[in-house]
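Below: the structure, in structure tokens.
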Amino acid sequence: MDGGYDLQVEPWIPVLLLSGQRERLGLRDVFKRAHEIDELEVPVPPAAAGLLRILAAITARIAGDGEEGKSRLDDPDVAEEIEDWLALRERVLRAGRFDPDAVDAYFDRDDLAGRFDLFDPARPFLQDPRLRQECVDAKGVPNTSGVNKLVLGRPTGVNGAVLFGHFTDTAPVPVPAAEAAWHLIAQLYYGPSGQCTPRRSSGKRIGNSTAGPLRKSISYFPWGPDLFTTLLLAVPSPQVDVDWEMEDTCPWETDLGDPLGPLPPLTWPGRMLTGRFRHAALLVPSPDGRMVTDAYLTWATHEPPHEVHDPFLILDRREDGGFQPRVADGARALWRDLDSLLLKDNRQNALRPPALEHLPRDLLPRLRVRAYGFDQDGQQKDRVWFKATSPQVLQWLEENDAEMAHHIKRCHVAAEETGKRLDFAARVAWKLATDTSADPSPKAKIKLDPKNPGPWAAAALTQYWPAAEAEFWRLTKSGPTTHRVTRAFVDAALAALDEAIGQAGRADIRVARARNRARNLLMALLQPSTPG
């Protein structure tokens, strides 16, 4: 179609090939050449996290073998027995690539004609064409959200912060269609709650939305030696609590629902991965279909979301005993989450991502973990996104190497406890050094002002965490025979404290006493009564 942008064939997904070459591919070639691809190189991590879920859902539709009547990974009959499903996945893994005919058979389905076109007039990919009529003002004039609202990092409104370029609402810059597809995916998974472009449905005009299913979260994927392996391992295990009576569909495989009606049942794996969006979107293309010049972003539903453990999220226990996804923190390195990824339950304080269950044992020494996070608040503020990749750590999964998994937990706990003590000690030191009314005697209680922590704590932690990471990886190389691990982190904390206080003022008796008090607080972690 003229002016269309068919994501099956348009080069919109940047990839790094195993040969070292970089290319952009459409969906068909991503699957046909997945065994040649090292990894995805989508430069917007929230979009990459969403795209991997979409690719995993399609993988379940096309990955199968010739046995037992062309069984596929999304076959509910195969899924009845986890052993049968895992055996099928193993056979597909041994094939080493996706069957090109199976890829074409899926994308050539008659019911999917036009469904992967970003600008199809009837059913544009992951969009709702009804917004043209439903997002209008009182006079029936289209009320768009603006292209700046679509692109994460661009400012919107009067006070929007400029993060990645100079853009304003009065002079919006069109975005290439490929990039618009990335940001569309990111908005559907990570979109904000609160005020949005009003939408009128069944006579009701509503102008607020609820947060996307992945908002402020961090996703963890088992990362294989090629994209083919990564995608197969991303298909979630059928051991989930979903509706097994209903047919499973992805948004592009079914009709548009009533935004004011009940949510369709949660099914596996397609709707679980791609059918929990809270926002609706519609892109406005340039006449030639190469650019996006405007966009509608609004609410899709206000029904309570389905409860499910997303296969790529760590769940942390709340104070009320329930669980919630681990919140992304742009200042937190991936190694600090390793024990929650390797241990099956982590004393029930954290539940690891289901995607790390049932991994093929022979692949474990070659598997890494890829994390995609988006540091946001629960409403409108976006801080920073990030991605990180671990070394080959999944060989240390608890069921494969319990001793090493618990050693890693021991190292992580020691690092965290030392970091907390360093923060406290540096605040105490600042108080003693600058407050003449504070009692400097060693056993005196110090009352800290949370509003005036002083500069030493932040400076010390900035020095400490990179050093702690180096010590952590050194201790993993030493292996579980190293039982007492706290000393390494305390030494790193002492060095960080000295660096934060600096040489200036060392001759000052108050600074010297404050430093000594802080060092003693850290050294107390090495007392025999302290585990680790």
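Descriptive notes on the structure:
- Taking other C-beta atoms within 10 Å as the exposure proxy, Leu231, Leu16 rank Leu16, Leu231 from fewest upward.
- Per-residue HN-Hα couplings for region 145-152 [Karplus 6.51, -1.76, 1.60; θ = phi - 60°; Hz; x = Gly/Pro]: 8, x, 5, 5, 5, 6, 7, 4
- The Cα center of region 1-43 and the Cα center of region 234-293 differ in position by 22 Å.
- Using θ = phi - 60° in the Karplus curve 6.51 cos²θ - 1.76 cosθ + 1.60, the 3J(HN,Hα) couplings for region 224-234 round to x, x, 8, 5, 4, 5, 4, 5, 5, 6, 7 Hz; x is entered for Gly and Pro.
- Note on Lys344: lysines with a C-alpha under 27 Å away, same-chain residues under 8 apart excluded, are Lys216, Lys387, Lys409, Lys420, Lys477.
- Calculated log₁₀ intensity ratio I(q)/I(0) where the Debye formula runs over C-alpha points of the chain, q = 0.08, 0.11 Å⁻¹: -0.61, -1.03
- Tilt relative to the chain, helix 177-190 - C-alpha long axis, 0 to 90 degrees, to 10: 60
- The long axis of helix 486-501 is offset from the longest Cα principal axis of the chain by roughly 80 degrees.
- Nearest 10 degrees, 0 to 90: helix 402-434 Cα axis against the chain principal axis: 60
- In terms of surrounding Cβ atoms within a 10 Å radius of their Cβ, Lys381, Lys445, Lys409 rank from fewest to most as Lys445, Lys381, Lys409.
- The chain - percent relative contact order, Cα under 8 Å, separation 6 or more: 13
- Burial ordering of Ser441, Ser71, fewest other beta-carbon atoms within 10 Å first: Ser441, Ser71
- Relative contact order for region 404-526: 41 percent, from Cα pairs under 8 Å spaced at least 6 residues apart, divided by residue count.
A short reminder: the numbers here are calculations on the coordinates, not readings from a lab. The shown structure was predicted, so the numbers you read here are calculated from the model rather than taken from an experiment. Reconstructed Cβ throughout: ideal geometry from the backbone, glycine too, with neighbour counts over all protein chains shown.
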